[in-house]
Each structure stands twice: as structure tokens, then as C-alpha cells.
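The values are calculated or read from the model by the stated rules, or taken from the named source; none is laboratory data. Predicted, not measured: the structure shown is a model, and the values here were computed from it. Positions of Cβ are generated from backbone atoms using ideal geometry, with glycine treated the same way; all protein chains shown enter the neighbour counts.
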Amino acid sequence: MEPIQAMLDQGLGPKQIWLNLMDDHDVSVSYTLLRHYVRYRFPQRYATQWQS
């Protein structure tokens, strides 16, 4: 989880993190699970912005 948290702190999104894990760290992880984890950790990034 530490590499994921470091990439989140850099502002990377789920797709960039997934690609980095697969290419640079040789870690196989489900993209869907990673996306849900990122949304859980940083819900404000993905909150719907309502316009009045």
C-alpha cells in the first residue's frame, strides 16, 4: 500500500497508479479494486460538483 499512497500523494489518478504498479513495481492488481480504493481514500476528488 505504501507505493499506492505515495502515488496518491503525488496527485496521480487510478489509471496512472495502475500502470505504474504494473510496469515499475511488477505488481498485478485489479484496476477496478484500485479505482474503488482511490475513491474511498479521496472522495473529495470524485464528488459530483453541482452547479446552480
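The table below gives the values:
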read-out: When residues of region 12-26 are limited to those that are touching a residue at least 12 places away in the same chain (Cβ under 8 Å) and part of a helix (DSSP H, G or I), the one surrounded by the fewest Cβ atoms within 10 Å (Cβ to Cβ); value: LYS15
read-out: Neighbours by Cβ (under 9 Å, 6+ apart or cross-chain): first from region 27-52, at pLDDT 85 or above; second loosely packed, with under 12 Cβ neighbours inside 10 Å and in a loop (DSSP other than H, G, I, E, B); value: TYR37/MET1
read-out: Region 27-39, residues that are of a type in the set (Ser, Thr, Tyr) and not in a helix (DSSP H, G or I); value: SER28, SER30
